[in-house]
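One structure below.
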Amino acid sequence: MINLIGPYPPPYGGVSVHIRRLEEALRQKSYKVVIWGKTQASQSEIKPLKSFWKGLRVLSVLSKKEILHFHDFYEIAAVISLWKKNTIVTIHNERIRDRFKIRTSFKHHLTRRVHQWLFCRIRHFITVSENAKNELIGIGVRAEKIHIIPAYISPQENKTSAPAYRKSFMDFRKKHKRIVISNASRLSILNNVDLYGFDLCIEALNALKAKEGLGLVLVLSEIGNEKYYAELRERIENYGITENTLWIIGGGELIPYLHHSDIFLRTTVTDGFSLSLQEAIEMKIPTIASDSVDRPGECILFKNRDVEDLVYQIDRILANYNQIKESQREVSRMDYVEKIIELYSKMLC
């Protein structure tokens, strides 16, 4: 039995989509899978984990032969791994150190230090990049415990629907010659900066609004920061680009929208392994990404948080679109399920 622990769609974020695709791939290979965690689905077989103590209690009674694969709830993973040796944790971003930052109170400091000590004793980790691996080593995890396995798992076509907003998107598509699209799981602020860089996308559209027929689509699994969302909408209105902007909230996976888009933007201030970016590359959509982290060679990079450079790159693609589109090379489809299964097998030996 394989227990996958973490968020499950909806909402459709990178981690939740990864878990769903991993579940589907494992079931196709006749593995028994149980999902534990969080979901907004009204009818779901997901077993809820509502608190640390309840989660620890229900997972503790599982057989020692069962694999516990955590994609979230790291505090539970850190404790339960003391007696559940078949525990594995996937780190999906490069901000793991933030979980162990020292706060002001001694009690909080002590709790964090104990948690960090327990966390580092977990026997198996998966990171999605070399940088994420180095972050784990930086908090005290031994390098030999860490396996780098990118998070990409090929989607099943019948699972990539976007029913709620498909019509409004297609109506918007018909009104615009070129569609630039960007996505995020939710609006988030990191160190007073827009984590996903939606503000940059809006500024770029404003700078390029003289380009006839240019539309910007911003896709969110959920709004998240309501105040910031209102600020962005007000900015769009003040710039006079409301008719050139479409918000899609809670519209399912990104792939149906990518099929009808011309440029994909990944403007994050930091990142893990971006599923949407990889999907855009595989679909041969010109992709612009910040240089905040290492990116695939197919990406066109702009300087992190540099609006002028982002505008330059978008404008350059628009001016030479057919040529750049045709030059997008075929990328072999990646799928890392087998590497995860191989690791499961080693854990059970």
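The values are calculated or read from the model by the stated rules, or taken from the named source; none is laboratory data. Remember, predicted model here, so these are calculated numbers, not experimental data. Reconstructed Cβ throughout: ideal geometry from the backbone, glycine too, with neighbour counts over all protein chains shown.
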Of the numbered conditions (1) of a type outside the set (Phe, Trp, Tyr); (2) under 30 Å from Ile88 (Cα atoms); (3) part of a loop (DSSP other than H, G, I, E, B); (4) over 17 Å from the mean Cα position of the chain (by Cα), Leu343 fails exactly one; give the number of that condition.
(3)
State all residues of the range 201-211 that are in contact (Cβ under 8 Å) with a residue 24 or more places away in the chain and outside any helix (DSSP H, G or I); if no residue qualifies, say none.
Leu208, Lys209, Lys211
Matching entry among Phe264, Phe273 (being closer than 28 Å to Arg20 by Cβ, surrounded by 15 or more Cβ atoms within 10 Å (Cβ to Cβ) and at pLDDT below 90):
Phe273
The lone exception for Leu348 - which of (1) surrounded by 14 or more Cβ atoms within 10 Å (Cβ to Cβ); (2) touching a residue at least 60 places away in the same chain (Cβ under 8 Å) it fails
(1)
Total residues in the range 266-281, condition out of contact with any Cys (no Cβ under 8 Å at 6 or more places or on another chain) and under 15 Å from Leu195 (Cα atoms):
7
Answer yes or no as to whether Arg121 is at pLDDT 90 or above and either within 22 Å of Lys32 (Cα to Cα) or over 23 Å from the mean Cα position of the chain (by Cα) (or both).
yes
The range 1-99: strands (runs of 3 or more DSSP E) wholly inside it with 3 or more residues that are touching an Asp or Glu at 6+ places or on another chain (Cβ under 9 Å) and touching a residue at least 24 places away in the same chain (Cβ under 8 Å) are 2-7, 33-38
For Leu195, state whether it is touching a residue at least 24 places away in the same chain (Cβ under 8 Å) and touching a helix residue (DSSP H, G or I) at 6+ places or on another chain (Cβ under 6 Å).
no
Pairs with Cβ under 6 Å, 6+ apart, first in the range 139-158 and on the phi > 0 side of the Ramachandran plot, second outside any loop (DSSP other than H, G, I, E, B) and surrounded by 12 or more Cβ atoms within 10 Å (Cβ to Cβ)
Gly140/Cys120
Would you mind finding the one in Glu135, Glu130 that is in contact (Cβ under 8 Å) with a residue 12 or more places away in the chain, surrounded by 18 or more Cβ atoms within 10 Å (Cβ to Cβ) and not assigned by TED's automatic domain parsing to the domain that holds Ile241?
Glu135
For the range 282-295, give me each residue that is over 17 Å from Asp194 (Cα atoms) and surrounded by fewer than 16 Cβ atoms within 10 Å (Cβ to Cβ).
Met283, Lys284, Asp294
